[in-house]
Amino acid sequence: MNINLEKVSSQKHHQLKVATDGRHQNNASIHLCHLALQEISAAAAYYPIFLLKDSDTGQFQPVALFGLDIDENIYQQANLWNKCYQPLKLTTQPFFLVNNEAAPELAINVSDPRVQNDVGEPLFEASNATVYLKQQAASLSDLTQGFVLNNVFINELSKYDLIEPVELDIAFADGQQRQLDGLYTVNREMLEHVDALTQQQFEKSGYVKIIADMLGSANHVKVLIDLKNQLNKN
Amino acid sequence: MSKPLRHVVIVGGGSAGWITAGSIAAMHNSASNDGVQVTLIESPDVNIIGVGEGTWPTMRTTLQKMGISETQFMRECDVSFKQGAKFAKWVTGDEDDFYYHPLVLPEGYFELDLYKYWQQDNRGKSFSDAVCFQEQLCEKGLAPKLITSPEYAAVANYAYHLDAGKFADFLKRHCINKLGVHYISAHVDGVNSIDTGDIASVITREHGDIGGDLFVDCTGFSALLIGKHYNVPFISKKDTLFIDTALAVQIPYEEGDNDIASHTISTAQDSGWIWDIGLPSRRGVGHVYSSAHTDQASAEQALKAYLHQSIGDKSNELNFRKIDINPGVREKFWVNNCVAVGMAAGFLEPLEASALVMIELAATTISEQLPANRQTMDIVAKQYNQRFNYNWDRIIDFLKLHYIASKREDTAFWRDNRDPKTIPQSLQDLMTLWQHRPPIEYDFSHKREVFSAASYQYVLYGMDFNFTNPSVIRNENETKFAQRLFKENDKKTEQYLKALPSNRELIDKVVEFGFSKV
């Protein structure tokens, strides 16, 4: 996808609209998405959640898995995508926050095919930001804050050596096999050995529920395999 | 006689003292009440000589066993990655003369010896390039791993370049704060012995007598215990390894050119060679030479000429630090209840970065074989002395190989180096064998060899591709397998060249983000 960011301005973008109908069609071919800490539990109801290292920084980030191969979105293929939780990272598109010297500024990717002048939600009405634009800005701010919370969460997990690699050995009904590596999760056993005070702090910060939801969500991998077996049959 | 060993006293800090202290303390749980106690006595005013800034890949295990975070180590000791050594002008002395001794083993090393297949058809590639992808990573200045690789894990086997002074300080803090090593800052003025000749205690100026069951001499050249007290002779090796003087200097990076070489560069000179080691903050460069073959003024001139190529006229303003190298090895390392580690045990020129690796090997052997009591100590000592005599002899052989495989005739230094009188019999024997077959694992079959047969192959065939007589290849399956291995190496080379970041880029990321433990 081309990215061509422009700072959102009522003068330049007063005619601009974003097609929100079927707006996730662009996401047909993504196999994972970063999550913000506050949405992990919601996303865990639908997707397997793991930790993944950012290839640029080596830092762990929570991700939702949509497929078992690069560019594969099994939820989309099985027509389930619109019924599932939509992560902030996707719903905030085609908007982004860009860093300016003073404060982050709202920007829009004008190369995104959803951005045009004809149909969808306008950004401005009579030079005033629409409710839609305000909501998008608020979501972006949630997302940004969520990534900061992610770092705190990950640092805590690392500090107590709670992150462990998972290797998923997947066998499909047609005999094909695949090994997914590079995924990590929380080590349940080590978690039990964390001292009582830290346990309390984890409870207070909501980490205990987040970790439990994340560990439970691994079961969705089986769902993905089943869905893919179905899709392969048809 | 069978009193259990409870307390190890290390005299002297530096890399030797702290690596030994850390290795024993970590393995024998010194931080707990029932562990073996470790005390390190360091003189408050002895300046530590930072021997060498290059390590072997063994350092990764050594640090990991001490419970050290690689990220923290790299941040605090000005560390860069080292993927081997590039030897320039060692063979003919021509401008384009170079070969590599990489740290990754030849492709399929434990399955098939690729040497003879490469000799038969080298496809225009040097030995190291044909059998190992690492030479190209070094030539392109790439790192041996990714920021997503866990601590100590490698894509390409690697070691480190480090600031030896910072390293000793870092280990000291870790040993005291994390591993329960007792630290005493005091001068050791003498020794109290008992009638068996064992050391009962060392006499310190500031803290009186300090007793122990085993004493480790890490006092460097002064060899306070093994030399001054026990009078164990120091056997000079100058007849074999001529280099006896070093001129060292630190060079800041030029603006706009701050690439960090991911290998040690060793460039041969008329009467010695120049090391060039890239750390994140500076380069460490030095000329080691034989004072019997050249004088200090000429050696300085050669070093300035070398530096002029990279920093121009600034090379005229530098001050060089002169260091004497007295190549040699102690006749014995373990006497009674005293064992020497580091320069007190032996010191050789830094050609293959053997100083730190020998300290690690000594520290590991002492901790793994720590005698249970005084009764078993003499047996352990006897084995230790045999093993380390062997280890030092192998290093001497390996260093000497670099000189005798050279074709240089231009100066007396190079010609004298090939005089059979200067070559140990053990090496002469191997050279005779290797005329008919390549170096193989049978030649170096001890546990924990310092240099494997692969290292000998890289140097021997890097310097003289036709040293070994061509062998008749009779097995067609093996030939096919060899072709597969060559292709595999080509494939890996291509993949890694695409995937790996530059050495500088990764080091900057380690400082900013760090590696994960997993």
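The values are calculated or read from the model by the stated rules, or taken from the named source; none is laboratory data. Keep in mind it's a predicted model, so treat the numbers as computed, not measured. No Cβ is skipped: glycine too gets one built from the backbone with ideal geometry, and neighbour counts run over all protein chains shown.
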* **Tally of residues being in contact with a Ser or Thr (Cβ under 8 Å, 6 or more places away or on another chain) and under 12 Å from B:Arg330 (Cβ atoms) across region B:219-236** => 1
* Structure fact -> Filtering region B:136-151 down to residues that are closer than 24 Å to B:Tyr100 by Cα, within 14 Å of another protein chain (Cβ to nearest Cβ) and either out of contact with any strand residue (DSSP E or B) (no Cβ under 8 Å at 6 or more places or on another chain) or of a type in the set (D, E, K, R) (or both) yields B:Lys145, B:Leu146
* Quick one: which of A:Val221, A:Val186 is away from chain B (no Cβ under 14 Å) and touching a residue at least 24 places away in the same chain (Cβ under 8 Å)? -> A:Val221
* Structure fact -> Matching residues in region B:503-518 (under 15 Å from B:Leu146 (Cβ atoms) and either hydrophobic (A, V, I, L, M, F, W, C) or more than 14 Å from chain A (Cβ to nearest Cβ) (or both)) number 8
* Look at A:Asp118 and say whether it is touching a strand residue (DSSP E or B) at 6+ places or on another chain (Cβ under 7 Å), surrounded by fewer than 16 Cβ atoms within 10 Å (Cβ to Cβ) and farther than 30 Å from B:Phe513 by Cβ. => yes
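Does B:Ile423 meet the test of being more than 21 Å from the chain's Cα centre (by Cα) and over 22 Å from B:Val91 (Cβ atoms)?
no
State which residue is farthest from the chain's Cα centre (by Cα) when the search covers only region A:35-60 and only residues that are small (Gly, Ala, Ser) and within 14 Å of chain B (Cβ to nearest Cβ).
Looking at residues that are small (Gly, Ala, Ser) and within 14 Å of chain B (Cβ to nearest Cβ), I get A:Gly58.
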* **Residue under evaluation B:Ala482, criteria (1) crowded, with 16+ Cβ neighbours inside 10 Å; (2) under 23 Å from B:Glu107 (Cβ atoms); (3) within 14 Å of chain A (Cβ to nearest Cβ), criterion not met** => (3)
* To do: Answer yes or no: is there a residue in region B:277-287 that is buried (at least 24 other Cβ atoms within 10 Å of the Cβ), touching a strand residue (DSSP E or B) at 6+ places or on another chain (Cβ under 7 Å) and farther than 21 Å from B:Asp78 by Cβ.
  => yes
* Structure fact -> Filter region B:323-338 for residues that are out of contact with any Asp or Glu (no Cβ under 7 Å at 6 or more places or on another chain) and at pLDDT 95 or above; the one that is surrounded by the fewest Cβ atoms within 10 Å (Cβ to Cβ) is B:Glu331
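Restricting attention to region A:161-179, and to residues there that are part of a strand (DSSP E or B), within 14 Å of another protein chain (Cβ to nearest Cβ) and in contact with a strand residue (DSSP E or B) (Cβ under 6 Å, 6 or more places away or on another chain), which single residue is farthest from A:Asp195 (Cα to Cα)?
Only one residue fits best here, namely A:Glu167.
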* Structure fact -> Picking from B:Tyr183, B:Tyr253, B:Tyr230, the residue that is in contact with a helix residue (DSSP H, G or I) (Cβ under 7 Å, 6 or more places away or on another chain) and of a type in the set (Phe, Trp, Tyr) would be B:Tyr183
* Asked: Would region A:227-234 turn up any residue that is hydrophobic (A, V, I, L, M, F, W, C), closer than 26 Å to A:Gln59 by Cβ, part of a helix (DSSP H, G or I) and out of contact with any strand residue (DSSP E or B) (no Cβ under 8 Å at 6 or more places or on another chain)?
  -> no
* If only one of A:Ser158, A:Ser127 is in contact (Cβ under 8 Å) with a residue 60 or more places away in the chain, of a type in the set (Ser, Thr, Tyr), over 17 Å from A:His31 (Cα atoms) and within 14 Å of chain B (Cβ to nearest Cβ), which one is it? -> A:Ser158
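Filter region A:28-71 down to residues that are among the charged types (D, E, K, R) and surrounded by fewer than 16 Cβ atoms within 10 Å (Cβ to Cβ), then give me how many there are.
So the answer is 4.
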* Asked: Applying the selection to region A:112-138, what residues are closer than 30 Å to A:Tyr46 by Cα and part of a loop (DSSP other than H, G, I, E, B)?
  -> A:Asp112, A:Pro113, A:Arg114, A:Gly120
* To do: Taking the options A:Val18, A:Val63, A:Val110, A:Val8, name whichever one is touching a residue at least 24 places away in the same chain (Cβ under 8 Å), within 14 Å of another protein chain (Cβ to nearest Cβ) and among the β-branched types (Val, Ile, Thr).
  => A:Val63
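Test of understanding: among A:Lys228, A:Lys233, A:Lys204, A:Lys209, which residue is touching a helix residue (DSSP H, G or I) at 6+ places or on another chain (Cβ under 7 Å), of a type in the set (Lys, Arg) and either without any contact (Cβ under 8 Å) to a residue 24 or more places away in the chain or within 18 Å of A:Asn73 (Cα to Cα) (or both)?
A:Lys228
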* To do: Just need a number here: residues in region B:19-46 that are surrounded by fewer than 17 Cβ atoms within 10 Å (Cβ to Cβ) and either of a type in the set (A, V, I, L, M) or within 18 Å of B:Asp217 (Cβ to Cβ) (or both).
  => 2
* To do: Give the residue that is surrounded by the fewest Cβ atoms within 10 Å (Cβ to Cβ), with candidates limited to residues of region B:288-310 that are closer than 30 Å to B:Lys140 by Cα and touching a helix residue (DSSP H, G or I) at 6+ places or on another chain (Cβ under 7 Å).
  => B:His308
* Asked: Across region A:167-202, what is the total count of residues that are surrounded by 15 or more Cβ atoms within 10 Å (Cβ to Cβ) and under 30 Å from A:Lys233 (Cα atoms)?
  -> 4
* **Residue list for region B:350-368, restricted to those being at pLDDT 95 or above and among the acidic types (Asp, Glu)** => B:Glu360, B:Glu368
* Among (1) under 26 Å from B:Lys89 (Cα atoms); (2) loosely packed, with under 15 Cβ neighbours inside 10 Å; (3) within 23 Å of the chain's Cα centre (by Cα), which single condition is B:Ser406 missing? -> (2)
